[in-house]
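Asker: Take this structure first; my questions come after.
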Amino acid sequence: QVQLVESGGGLVQAGGSLRLSCAASGSIFIINNMGWYRQAPGKQRELVAVIRRGGRTNYADSVKGRFTISRDNAKNTVYLQMNSLKPEDTAVYYCSLVTINLGDYWGQGTQVTVSS
């Protein structure tokens with residue numbers, strides 16, 4: 001099995017920055033892609049950003065130009081740098097791992113709260 005450990009959430013004022021981290025460990029796995037999703041109260045979980053096996057990235061339109069996803073392959077860790085945060089970014093952020101050989105996994109979620 002694979003475990004995902006997230007960190008970096010918290011409370012920040014509008015316009016501020018946060019950096020989320022998600023480290024994958026456990027059984028030997030081959031990463032297909034890693035990404036971040038978020039879920040605000042009363043809303044469905046939505047994709048924020050994903051980084052694919054070859055390094056290609058995709059972002060939700062709402063975060064383009066403000067968020068940056070990156071990955072440290074040696075550490076099996078994915079990061080989400082969030083700048084110019086807005087109150088509407090407030091949500092629980094979940095790390096996602098899609099492997100080629102062991103299926104898909106979710107992190108436990110980390111709360112991001114942006115005050116106006």
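Computed from the coordinates by the stated procedures, all read-outs in this text should not be read as laboratory data. Please read these numbers as outputs of a predicted model, since none were measured by experiment. As a convention, Cβ positions derive from the backbone with ideal geometry for all residues, glycine included, and neighbour counts pool all protein chains shown.
Asker: Using just the C-alpha positions of segment 57-116 as equal point scatterers, what log10 of I(q)/I(0) does the Debye formula give at each q in 0.13, 0.21, 0.26 1/Å?
Answerer: So the normalised log intensities work out to -0.42, -1.00, -1.29.
Asker: Tally Lys/Arg at +1 and Asp/Glu at -1 over every other residue whose Cβ is under 11 Å from the Cβ of GLN81; what's the total?
Answerer: +2
Asker: Something else: Above 15 Å lies some portion of the pair distances; for segment 4-54, what is it as a whole percent of all C-alpha pairs?
Answerer: Summing the P(r) tail past 15 Å for segment 4-54 gives 64 percent.
Asker: Another question about this same structure. Could you give me D for the chain, from Stokes-Einstein at 10 °C and 1.306 mPa s, where the hydrodynamic radius is the Kirkwood radius over C-alpha pairs? Units µm² s⁻¹, please.
Answerer: Result for D is 112 µm²/s.
Asker: 5 Å is the cut-off here: which amide hydrogens, built 1.01 Å from N in the peptide plane, fall below it relative to ASN76, excluding neighbours closer than 5 in sequence?
Answerer: Sorted by chain and number, the residues that satisfy this come to none at all.
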